[in-house]
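Read the structure below first, then the notes.
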Amino acid sequence: MRPLLTALVATVAMVSAAAQAEPFERTEEREPCAAHEPMRRPFFGDTHIHTARSQDASTQGTRTTPAQAYAFAQGAEMMIQPWDGEVGQRRVQLARPLDFTALSDHAEQLGEVHLCRTPGAPGHDSWVCRVYRGWPRAAFFLMNARYSYLSGRWGYCGDGGQDCLDAAGTVWKEIQDAAEGAYDRSAACRFTSFVAYEWTASGGTAGNLHRNVIFRNDAVPALPISVIETGNTASDLWQRLDMDCVQGTPGCDVLVIPHNSNLDDGLMFQSAVNVGEAIGPAEAAIRARWEPLVEIMQHKGDSECFPGGATTDEACGFEKLPFRNMSGSTSPMLASLSGADAPPDRGSFVRTALQEGLAIEAALGVNPFRFGIIASTDTHLGTPGLVSEADFPGHGGAGIPLAEGDVPPLVDIPSFGPGGLAVVWAEENARDALFAGMKRRETYGTSGTRPEVRFFGGPELAPGLCEAADSIEQAYATGVPMGGQLDGNDTRPRFWVSALRDPDPGAAPLQRIQIIKGWVDDAGDTHEVVHDAAGGDTGASVDLATCERRGSGHAQLCSDWQDPDWRAGERAFYYARVLENPSCRWTQHVCAAAAVDCTDTSTIGAGLEACCAEDHRPTQRERAWTSPIWVGP
Amino acid sequence: MKRPLLRFLLLGFLLFVADGLGFGPGVDAPAVAPLVAPASDDDVWFHEALLRNDHRTDAIVRRRLARNMRFASSDDPRDDAELVDEAIALGMHESDLVVRRRLIQKMKLRIHEQVRRVPPTEAELLDYLEANARRFTEPERVRVTHVYFRDAARAEASRAALTTPDALDGIGDPLPIPRHLPPHSQAELGRQLGPKFAAEVLGASDGVWQGPFESAYGVHFVWIRERRPAMRSALETVRSEVREGLLYERAEAAVAAEIVALRDKHGVAREDAS
């Protein structure tokens with residue numbers, strides 16, 4: 001797998017020849033990629049996946065190992081629960097493999113679960129492990145409650161928790177080995193894996209403060225840093241990453257991606273140092289350093305914007321969950337006790353955070369929320385990139401567990417969905433190039449389809465790029481790509497945005513490109529507006545009985561756009577949102593296949609009642625969100 | 001901070017108790033009626049499952065039957081075990097299509113599981129790899145230069161202007177995809193420009209302008225600059241896929257053999273046999 005000599009010679013030669021030209025540092029021993037595109041290509045991936053090594057995945061019957069998850073991401077067929085002995089009753093496979101994947105098993109309880117599953121291991125016969133093996137759903141609540149609300153580890157972890165820490169090291173090694181096994185270090189550069197994990201903090205009763213931690217290469221700390229070590233304060237995570245990775249492990253680099261702010265109880269974008277207090281300049285700077293990206297959408301809903309209230313954005317009501325914290329999906333009783341059934345908080349959404357970031361920057365000189373955008377699945381089946389609406393098997397996790405038993409017609413909580421994909425613009429499909437793309441925020445997220453979206457801006461950006469043969473070369477030469485910063489705001493910037501439809505014949509064509517602007521005024525108040533930049537209403541629709549799409553759309557859209565309301569000296573961000581024509585949501589695929597007719601109650605079979613519920617959403621517009629381009633002094 | 005814990009513990013305990021509730025065997029039901037020839041394979045599987053009492057022991061079937069009974073009478077105070085007994089006494093296990101499908105599936109899954117208990121040897125894996133060489137082969141790749149046009153008429157109007165793949169100034173319509181693509185397999189090319197386009201390009205001749213070929217965005221003239229032939233994968237790189245494929249094929253063969261044996265056992269011909 002690793003022709004060391006060839007790689008070393010090739011890498012040294014390449015680094016020497018191209019040190020000045022490369023926009024990213026090469027930190028690895030590997031063969032150079034045969035396919036290297038200076039103008040960058042979009043690589044589609046998933047940075048949020050749980051395998052059987054995560055406590056919540058294993059207690060819902062997921063058996064996917066890290067190695068199997070990586071094989072799945074590359075196109076292998078796989079069995080999933082419910083299980084009949086050793087045989088999974090369902091088989092899944094990606095129609096289009098991914099380019100890259102980061103498995104992000106929960107750091108918490110890696111060792112605890114391993115001990116409970118390993119006969120003869122310390123603690124294997126403890127009462128907690130007996131509960132884990134005999135009544136996994138009870139163990140799910142019990143074990144999570146323990147680490148969420150009490151400090152320290154279970155008694156069966158031994159003195160100082162050492163047995164569990166040792167076991168966590170074993171699993172962490174397995175995760176690294178799986179990543180190494182899947183990573184294509186040959187010149188073909190078919191697939192890139194990242195060593196990663198999820199830090200699973202919560203605030204208040206069940207406010208989600210989770211973050212995925214992605215390492216640049218195979219230089220990683222000896223153990224993942226979990227909430228059990230840090231507590232629920234993100235600043236402690238950043239501090240430990242600095243200590244254990246950047247300072248403590250030669251060659252180590254890392255970034256952190258918060259997710260599901262839609263379930264944060266209003267806490268994700270508050271101070272991570274002193275809850276309830278304003279973010280200070282030191283925290284703003286450190287936050288911007290560690291968290292260059294945010295996951296805007298996934299299995300458990302969309303976090304882009306707050307529907308209602310100040311926004312007039314008619315496309316904002318997309319994949320919104322009807323609850324505001326992680327308890328909302330467990331049971332009505334828990335939802336009520338935790339306040340999950342209260343309305344969500346405007347401050348929980350990414351667009352609001354982007355606006356608040358401008359206001360903080362105006363006051364402190366540093367923007368703590370300069371987030372690039374990605375999306376992912378958060379699958380708890382170990383199935384990266386499984387985003388098809390037409391045959392969604394559920395993702396489990398906080399959704400419906402299917403360890404054994406029959407498969408209900410609606411395989412997950414109806415407001416949950418397959419989730420999305422992360423897209424990184426990079427020169428080649430290798431860790432250094434992709435990681436650099438993530439760090440500079442040249443990324444976008446999709447709700448699962450694969451449109452190709454370019455977004456550039458700058459006061460010097462050449463006009464007429466939509467008709468230029470060398471548009472990309474000109475755009476890089478005269479502007480900044482998505483994720484970039486335009487320093488100086490005395491000249492009206494120009495934006496070039498281009499979208500190509502998902503080339504899969506089964507995907508919907510494009511409807512429109514929108515540019516969303518957020519800004520802060522002189523009084524420190526924040527504002528937002530949505531502009532249509534290309535396309536518009538296509539009149540397309542969906543036949544709900546068959547899920548067949550009707551009407552036409554656009555194969556490509558392009559716009560050379562300037563803000564009509566731009567003001568000199570303004571501090572603002574602009575990002576593009578690409579909407580596709582309407583298509584069936586996964587729930588409607590199920591309802592249509594079962595021939596449910598809500599006007600005829602005899603057609604509403606057992607388990608299909610949600611097809612005719614008031615909150616049933618039969619269609620959606622799949623979409624992509626680019627990272628913003630910021631404009632400021 | 002302790003109250004949420006207590007709530008979780010309470011819920012955990014309730015789930016603990018609920019999960020621990022088992023289902024005892026039911027009361028006797030009428031004997032399974034003999035299989036009538038001719039019969040479909042599914043009829044034979046279903047009949048055999050009934051003979052094995054799977055409809056009484058399979059947890060999925062039991063849940064389905066209990067749910068059906070509760071759907072019909074939501075305020076029935078009896079527990080699930082009693083409801084299942086009554087459902088079977090009423091013959092619901094034979095009339096419910098989901099139960100029938102499950103019982104047929106269970107028969108096949110049982111065979112799959114038996115097969116998976118015997119891990120394949122290294123030699124068997126190598127044999128399978130050899131026998132399925134086409135599946136376990138790194139695909140052919142082509143390095144392509146393409147020129148895009150919005151429609152076929154515009155493409156035809158420019159055909160005469162095409163000379164070499166490095167002299168393309170002023171030819172073609174704008175498309176934000178590089179004209180010189182890196183080596184791509186058919187699948188990779190399909191993911192970028194559409195599957196139909198990819199299939200046509202892979203079938204085209206090298207070193208000459210071909211097309212126009214239709215993509216997801218319009219039409220393209222294509223010049224294949226380099227073609228890299230397909231290469232067989234080593235076992236180490238595809239071990240997991242080979243193992244899964246072999247076990248699946250073995251299990252399917254065992255299922256096919258079993259249905260023949262069951263037909264012999266019950267003396268029934270196939271439905272379509274005359």
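Here is the figure for the stretch A:457-478: residues that are within 11 Å of chain B (Cβ to nearest Cβ) and touching a residue at least 60 places away in the same chain (Cβ under 8 Å) total 5.
A:P463 fulfils the conditions (1) surrounded by fewer than 19 Cβ atoms within 10 Å (Cβ to Cβ); (2) modelled with pLDDT of 95 or more; (3) not in a helix (DSSP H, G or I) except for a single criterion, (2).
Taking A:F416, is it within 30 Å of A:Q60 (Cα to Cα) and either more than 16 Å from the chain's Cα centre (by Cα) or open to solvent by 10 Å² or more (accessible area, probe 1.4 Å) (or both)? It is false that A:F416 is within 30 Å of A:Q60 (Cα to Cα) and either more than 16 Å from the chain's Cα centre (by Cα) or open to solvent by 10 Å² or more (accessible area, probe 1.4 Å) (or both).
For A:L434, state whether it is assigned to a helix (DSSP H, G or I) and either touching a Ser or Thr at 6+ places or on another chain (Cβ under 6 Å) or more than 9 Å from chain B (Cβ to nearest Cβ) (or both). Judged against the criteria, A:L434 is a match.
Give the residue, chosen from A:A139, A:A107, A:A121, that is away from chain B (no Cβ under 11 Å), of a type in the set (A, V, I, L, M, F, W, C) and buried (at least 19 other Cβ atoms within 10 Å of the Cβ).
Only one candidate qualifies: A:A107.
Looking only at residues in the stretch A:50-82 that are in a loop (DSSP other than H, G, I, E, B) and touching a helix residue (DSSP H, G or I) at 6+ places or on another chain (Cβ under 6 Å), the one that is farthest from the other protein chains (Cβ to nearest Cβ) is A:H50.
Residue check, A:R450 against (1) among the basic types (K, R); (2) open to solvent by less than 30 Å² (accessible area, probe 1.4 Å); (3) more than 14 Å from chain B (Cβ to nearest Cβ), all met but one. Which one? All conditions are met except number (3).
Residue-level analysis places B:Y248 among those that are among the aromatic types (F, W, Y), outside any strand (DSSP E or B), open to solvent by 70 Å² or more (accessible area, probe 1.4 Å) and within 14 Å of another protein chain (Cβ to nearest Cβ).
The stretch A:470-530 holds strands (runs of 3 or more DSSP E) entirely within its bounds, and those carrying 3 or more residues that are surrounded by 20 or more Cβ atoms within 10 Å (Cβ to Cβ) map to A:494-500, A:510-520. Per the conditions (1) more than 10 Å from chain B (Cβ to nearest Cβ); (2) part of a strand (DSSP E or B); (3) open to solvent by 20 Å² or more (accessible area, probe 1.4 Å), the sole criterion not satisfied by A:R91 is (1). For A:L334, the criteria (1) out of contact with any strand residue (DSSP E or B) (no Cβ under 8 Å at 6 or more places or on another chain); (2) among the hydrophobic types (A, V, I, L, M, F, W, C); (3) within 29 Å of A:R53 (Cα to Cα); (4) crowded, with 24+ Cβ neighbours inside 10 Å hold in every case but one, which is (4).
Under the condition of being more than 19 Å from A:E295 (Cα to Cα) and surrounded by fewer than 24 Cβ atoms within 10 Å (Cβ to Cβ), the residues counted in the stretch A:432-443 number 1. Within the stretch A:211-255, the set of residues being in a loop (DSSP other than H, G, I, E, B) and among the aliphatic types (A, V, I, L, M) comprises A:A219, A:V220, A:A222, A:L223, A:I225.
Per-residue answers, yes or no, for (1) over 23 Å from the mean Cα position of the chain (by Cα); (2) more than 14 Å from chain B (Cβ to nearest Cβ); (3) surrounded by 24 or more Cβ atoms within 10 Å (Cβ to Cβ); (4) under 30 Å from A:V273 (Cβ atoms):
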site: A:Y156; (1), (2), (3), (4): yes, yes, no, no
site: A:Y183; (1), (2), (3), (4): no, no, yes, no
site: A:T192; (1), (2), (3), (4): no, yes, yes, no
site: A:V195; (1), (2), (3), (4): no, yes, yes, yes
site: A:T205; (1), (2), (3), (4): yes, no, no, yes
site: A:R216; (1), (2), (3), (4): no, yes, yes, yes
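Please find, among A:A363, A:A390, the residue that is open to solvent by 30 Å² or more (accessible area, probe 1.4 Å), in contact with a Cys (Cβ under 9 Å, 6 or more places away or on another chain) and away from chain B (no Cβ under 14 Å).
It is A:A390.
The values are calculated or read from the model by the stated rules, or taken from the named source; none is laboratory data. Computed from a predicted structure; not experimentally measured. Methodologically, a virtual Cβ is constructed for each residue, glycine included, from the backbone with ideal geometry; neighbour enumeration extends over all protein chains shown. Only protein heavy atoms, including side chains, enter the accessible area calculation; ligands, DNA and RNA are left aside. Shrake-Rupley method; radii C 1.70, N 1.55, O 1.52, S 1.80 Å.
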